[in-house]
Amino acid sequence: MTGRSLRAALLLAAVPAAAAGAVTLALRAGHRRLHADRHRIELTPLPRRSCPDCWGDGGWWVDGANPEMEACGCWANRPTLRIPLLPVPAWPDEPPF
């Protein structure tokens, strides 16, 4: 392997690592969590740590007869992004044996 082809191979090997780092940085800046499997890629919103309303907790508890958590608008009003990849196989109606 010559010096020129070695440099080109190292540069091509570094590109996917740099792209993965850029994607990770963009997800953290956009406050999203990435989930990927063979059936889908999903980006779900996360609460912002700098939110003045919830301070990163994602909401607060509402008192009353049935206490429940009210979601903060810093993450609850943002959509979840889903990209389907492979269809989920149909579950068989019959038992396996």
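Provide the net charge surrounding TRP75, with neighbours chosen by a C-beta distance below 13 Å and charges set as Lys +1, Arg +1, Asp -1, Glu -1. Could you put the intermediate results ahead of the total?
Working: positive: ARG32, ARG33, ARG48, ARG49, ARG78; negative: ASP53, ASP57, GLU70.
It works out to a net charge of +2.
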Taking the Cα-to-Cβ direction at THR80 and at ILE41 and moving 7 Å from each Cα, how far apart do the two end points lie in nm? 1.8 nm
Please work out how much length the chain gains when fully extended from ASP57 to ARG7, using 0.36 nm per residue of separation minus the C-alpha to C-alpha distance, in nm with one decimal. 13.3 nm
Sort the range 30-97 into rounded, prolate or oblate with this rule: let a ≥ b ≥ c be the square roots of the eigenvalues of the Cα gyration tensor; rounded if a/c is under 1.5, and if a/c is not under 1.5, prolate when a/b is larger than b/c, oblate otherwise. oblate
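In Å², and per residue, what accessible area does the range 26-88 have when probed at 1.4 Å with the other protein chains present? Spell out each step's value before the answer.
Working: 4930 Å² over 63 residues.
Per residue, the range 26-88 has 78 Å² of solvent-accessible surface.
Net charge around PRO45, counting only other residues with Cβ within less than 10 Å of its Cβ (Lys, Arg = +1; Asp, Glu = -1)? Present the calculation step by step, with values, prior to reporting the outcome.
Details: positive: ARG32, ARG33, ARG48, ARG78; negative: none.
Counting the neighbours of PRO45, the net charge comes to +4.
The values are calculated or read from the model by the stated rules, or taken from the named source; none is laboratory data. These numbers come from a predicted model, not from an experiment. Glycine gets a Cβ as well: all are built from the backbone with ideal geometry, and neighbour counts include every protein chain shown. Areas reflect the complete protein model, heavy atoms only, side chains present, ligands, DNA and RNA absent. Shrake-Rupley method; radii C 1.70, N 1.55, O 1.52, S 1.80 Å.
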